[in-house]
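**Q** After the structure tokens below, expect a handful of questions from me.
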Ligand SMILES: [Zn+2]
Ligand SMILES: [Zn+2]
């Protein structure tokens, strides 16, 4: 494990959230899609199942995406702004059989608020450890999805949306076309 468990979970969830407005178009088209996202990333706490909750979550995405494209000083500004705006106050808590981890806003805060603060706290860890280079853009041509590389050898190049496979197929075809097996 490179980072604390909650940091890694938050980074994976933030990456997935940004990519719900990525190469595959709108992946949070309705409340049901947000429900599925909530379950997939093991969120807990307040969940309203409403259009306004969905809208708030969608609106968070461009702000988080900016973190992947920004210089470190701007990343810091975004993280600090998110923490300040949501009045983040880190507290260690345990719930649902999870060991002690940090929550910086109450569990009954709106979902988009918790997503924003969790992402900001996790990115803050990356900044402190000098690991912002783990945030990358998928290398597959014209993909544009964001990637978080949590591999030990920093080898992750493609997003979760199948670009690794696409790249392998492209490379295979190129070899065949060149007459090499
Ligand atoms: Zn928790
Ligand atoms: Zn990709």
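The values are calculated or read from the model by the stated rules, or taken from the named source; none is laboratory data. Predicted model only: the values in this text are computed from it and were never measured. No Cβ is skipped: glycine too gets one built from the backbone with ideal geometry, and neighbour counts run over all protein chains shown.
**Q** Can you tell me which residue in the stretch 99-142 is farthest from ligand 2 (Cβ to nearest atom), limited to those that are assigned to a loop (DSSP other than H, G, I, E, B) and touching a strand residue (DSSP E or B) at 6+ places or on another chain (Cβ under 8 Å)? Can you show your working first?
**A** Going residue by residue through the stretch 99-142, those that are assigned to a loop (DSSP other than H, G, I, E, B) are 104-110, 129-131, 138-142.
Of the ones still in play, those that are also touching a strand residue (DSSP E or B) at 6+ places or on another chain (Cβ under 8 Å) are 104, 107, 138.
Working: 104: 30, 107: 33, 138: 3 Å.
Taking the candidates together, the pick is 107.
**Q** Could you grab me the full set of residues in the stretch 143-177 that are in a loop (DSSP other than H, G, I, E, B), touching a residue at least 24 places away in the same chain (Cβ under 8 Å), more than 9 Å from ligand 2 (Cβ to nearest atom) and under 26 Å from residue 27 (Cβ atoms)?
**A** Of everything in the stretch 143-177, just one residue is in a loop (DSSP other than H, G, I, E, B), touching a residue at least 24 places away in the same chain (Cβ under 8 Å), more than 9 Å from ligand 2 (Cβ to nearest atom) and under 26 Å from residue 27 (Cβ atoms), namely 150.
**Q** Follow-up. Within the stretch 92-144, count every residue that is in contact with a helix residue (DSSP H, G or I) (Cβ under 7 Å, 6 or more places away or on another chain) and within 12 Å of ligand 1 (Cβ to nearest atom). Write out each step before concluding.
**A** Initial filter on the stretch 92-144 (in contact with a helix residue (DSSP H, G or I) (Cβ under 7 Å, 6 or more places away or on another chain)): 101-102, 104-105, 110-112, 115-127, 132, 134-135, 137-138, 140, 143.
Still in the list and also within 12 Å of ligand 1 (Cβ to nearest atom): 101-102, 104-105, 117-118, 121.
Residues meeting the conditions: 7.
**Q** Still on this model: Condition first: farther than 24 Å from residue 79 by Cβ and within 16 Å of ligand 2 (Cβ to nearest atom). Can you find one or more residues in the stretch 27-47 that meet it?
**A** For the stretch 27-47, residues farther than 24 Å from residue 79 by Cβ and within 16 Å of ligand 2 (Cβ to nearest atom): present.
**Q** Separate question: When you look at residue 62, is it under 26 Å from residue 23 (Cα atoms), at pLDDT 95 or above, away from ligand 1 (no atom under 11 Å from the Cβ) and out of contact with any helix residue (DSSP H, G or I) (no Cβ under 7 Å at 6 or more places or on another chain), yes or no? Full working, then the answer.
**A** Numbers: under 26 Å from residue 23 (Cα atoms): yes; at pLDDT 95 or above: yes; away from ligand 1 (no atom under 11 Å from the Cβ): yes; out of contact with any helix residue (DSSP H, G or I) (no Cβ under 7 Å at 6 or more places or on another chain): yes.
For residue 62, the condition - under 26 Å from residue 23 (Cα atoms), at pLDDT 95 or above, away from ligand 1 (no atom under 11 Å from the Cβ) and out of contact with any helix residue (DSSP H, G or I) (no Cβ under 7 Å at 6 or more places or on another chain) - is met.
**Q** For residue 89, all conditions in the list (1) within 16 Å of ligand 1 (Cβ to nearest atom); (2) under 18 Å from residue 5 (Cα atoms) hold save one; what is the number of the exception?
**A** If we test residue 89 against (1) within 16 Å of ligand 1 (Cβ to nearest atom); (2) under 18 Å from residue 5 (Cα atoms), just (2) comes out false.
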